[in-house]
1. In a shell of Cβ-Cβ distance under 12 Å around D121, excluding D121 itself, what net charge do Lys and Arg (+1) and Asp and Glu (-1) give?
2. Taking H as built 1.01 Å from N, whose amide H comes closer than 5 Å to the amide H of F311, not counting residues under 5 places away?
3. Leaving out ligands, DNA and RNA, and with a 1.4 Å probe, what % of the accessible surface on the range 236-367 is carbon or sulfur?
4. Report the extension gain between E3 and H180 in nm, rounded to one decimal, defined as 0.36 nm multiplied by the number of residues separating them, less their alpha carbon distance.
5. Taking the Cα centroid of the range 204-246 and of the range 56-93, what is the distance between the two, rounded to the nearest whole Å?
6. For the peptides 2-13, 249-260, 333-344, what is the packing order when you average, over each peptide's residues, the other Cβ atoms within 10 Å and list the highest mean first?
7. So what's the back-of-envelope 222 nm ellipticity for the chain, counting only DSSP H runs of four-plus at -39500 (n - 2.57) apiece and dividing by all residues, rounded to 500?
8. Roughly how much of T109 is accessible, in Å² to the nearest 10, using a 1.4 Å probe?
Amino acid sequence: MAEPMVCVDDFERFAFQVLPRNAFDYYRSGANDQSTLKDNVAAFKRWKLAPRVLRDVSCLDLSTTILGHQISFPVCVAATAMQCMAHPHGEVATAQAAQAMGTAFTLSTFATSTLEGIAEDAPQVLRFFQLFIYKNRDITRQLVRRAERAGFSAVCLTVDVPCFGKRLADDRNKFKLPPHLKLANFEGIDFKSSGVGSAKEGSGLDEYGASLDPSLTWKDIDFLKSITNLPIILKGILTAEDALLAVDAGVAAIIVSNHGARQLDTVPATIDVLPEIVAAVKDRCEVYMDGGVRLGTDVFKALALGAKAVFIGRPALYGLTYNGAKGVESVLRLLQREFASAMALSGCASVSDIQPCMLRHQTTFPA
Ligand code: FNR
């Protein structure tokens, strides 16, 4: 009989065993030496919990809101590209799992399922569309229009990809999307004028990035605001300085993210920069984080440091590999249970009870 899956790492081990190398390496890799990749996970362990006792945790409420929408617990699904490599139902299955668990799902611009397919097959899911801005602004306009029509509740603009980070495994594998799959949201879009396919070196990934616009500045947030009334979430903020610019630009939320350590290696773990960003923002927009969340205690720590919610990338992909929508649901449920346990054992009956004083950084303890 198959081993029971009792933690997120079990799902990763399973994915390692069953996925073709090309796909597993693409999902798992970070940039360059992958030092930030390791640190995203390790940094959580350097924050120590300071639990309170005798505080009546007989009735737990894990729910919260993001952008005014109720979610059943503060773990949402991040945008990850090309999910049909993990399971034939790809992003649709992931969205269905988020729907079943009452949380939010983000669809990547580089999805292998369509915006409209998500609306049709997971109609109730709270959904955000992750956007890249193309040199050809018409492509961006068309994608945003489709997201609006398909009932997406926010645009999540990724701001840490003026170009792709270097992922050694993808270069070695000469990564390409398998021929039976395609980036589903570019049907009918004329890429010739915008240069897709013009990159000749590196992994096949560069082809998909060749038409992203590296000249973007903060002024382009105004462009985005001019084409949509949807709330804007900026994904990929790592400094207090940029968080303040994001507030000035009038965005609804930011995601403290290093793109799952896939862009610039040796940047800090996201959990370590979260406190300074939360302090700078001072509640002027919502702050979420992603990167390295693998345990319920990680979720608890992120909330204690001021995040309103966390997003998971790879854990959802590994759940999808395990068993489609049911597998993603299992990963989310596991994190939900672990988070509930962390709350109870720390003396918190609701997410608003989770406070900064319930954490100590390891450096504050004598060696
Ligand atoms: C990503 N991420 C990402 N981000 C984004 O804005 N657009 C995208 O298309 C993708 N694609 C993507 C693919 C894969 C395979 C991974 C692992 C990640 C980044 C993602 O949204 C998120 O920031 C990280 O995955 C969070 O880190 P963890 O949870 O994977 O550690």
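The values are calculated or read from the model by the stated rules, or taken from the named source; none is laboratory data. Computed from a predicted model, the values in this text were never measured in an experiment. Virtual Cβ from ideal backbone geometry, glycine too; neighbours counted across all protein chains shown. Areas reflect the complete protein model, heavy atoms only, side chains present, ligands, DNA and RNA absent. Shrake-Rupley method; radii C 1.70, N 1.55, O 1.52, S 1.80 Å.
1. Summing Lys/Arg as +1 and Asp/Glu as -1 gives -2.
2. HN-HN under 5 Å from F311: C76, M289, D290, G291.
3. 56
4. 60.6 nm
5. 23
6. 249-260, 333-344, 2-13
7. Counting only the DSSP helices, I get -12000 deg cm²/dmol.
8. Approximately 0 Å² of T109 is accessible to the 1.4 Å probe.
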